[in-house]
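The values are calculated or read from the model by the stated rules, or taken from the named source; none is laboratory data. Bear in mind that the values here come from a model prediction, so they are computed numbers and not experimental data. FYI the Cβ positions are ideal-geometry reconstructions off the backbone, even for glycines, and counts take in every protein chain you see. Please note that ligands, DNA and RNA were not included when accessible areas were found on the heavy atoms of the full protein model with its side chains. Shrake-Rupley method; radii C 1.70, N 1.55, O 1.52, S 1.80 Å.
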Amino acid sequence: MCVSRLTHAPVPLPTFTNFSDGRVLLRRQVARDQIELLLSVHEEVRARHRCAGQFVKVRIAGHEGIFAMWNAPHEDIDDEPSFRFLLRTNNLEGGEAATKLATAQQGTKVEVSDPAGQGFGLDRAEKRPLHFVATGTAIAPIRAGIEEALIAVNPTSMSLDFGLR
């Protein structure tokens, strides 16, 4: 389990230096203006996904963006080492990488960094209430947090507030 570090200082984004090859396995419409994207990654990269709430940098066609994983650390699709994402397709300010990923065909090559970030620190919820709050596609890492909490944490209760436009 990921152990949290309580701090009041802002945590800077990491420097993404280690990238490896991946490819688009699946791109599927899941709601109006939202798609599920599944990227294959090397087993070693997948093994570094240890905490719900971590994120990666993805490079595609000369563009790059930072995306939080939708899948929990213990989840793989069809035993294929992969990362799963939820992307908005109408996000005009979302960046070129999101737009390229949203239209990428199966088999498209990408580069994926190692997972970064400390994750949610769910260890603090042991024998305490756990409350998640999200809006829009930020539900993706929250879903991973809920999945991880269900198997790794013993909260007294769990709730979710989800807002939509």
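Overview of values
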read-out	value
Among the residues listed as R165, R84, the single one being modelled with pLDDT of 90 or more, under 23 Å from A31 (Cβ atoms) and among the charged types (D, E, K, R)	R84
Test: V58 is β-branched (V, I, T), over 23 Å from A134 (Cα atoms), open to solvent by less than 10 Å² (accessible area, probe 1.4 Å) and in contact with a strand residue (DSSP E or B) (Cβ under 9 Å, 6 or more places away or on another chain)	no
Among (1) in contact (Cβ under 8 Å) with a residue 40 or more places away in the chain; (2) surrounded by 13 or more Cβ atoms within 10 Å (Cβ to Cβ); (3) more than 18 Å from G22 (Cα to Cα) - the single one I151 does not satisfy	(2)
Matching residues, the stretch 128-139, being surrounded by fewer than 16 Cβ atoms within 10 Å (Cβ to Cβ) and not in a loop (DSSP other than H, G, I, E, B)	P129, H131, V133, T135, G136, A138
Qualifying residue in the stretch 107-127 (condition: aliphatic (A, V, I, L, M), part of a loop (DSSP other than H, G, I, E, B) and at pLDDT below 95)	no
Residue that is at pLDDT 90 or above, touching a strand residue (DSSP E or B) at 6+ places or on another chain (Cβ under 6 Å) and in a helix (DSSP H, G or I), where the choices are I66, I142, I146	I142
Selected residue (criterion: least open to solvent (accessible area, probe 1.4 Å)) from residues of the stretch 23-55 that are more than 11 Å from V110 (Cβ to Cβ) and of a type in the set (K, R)	R46
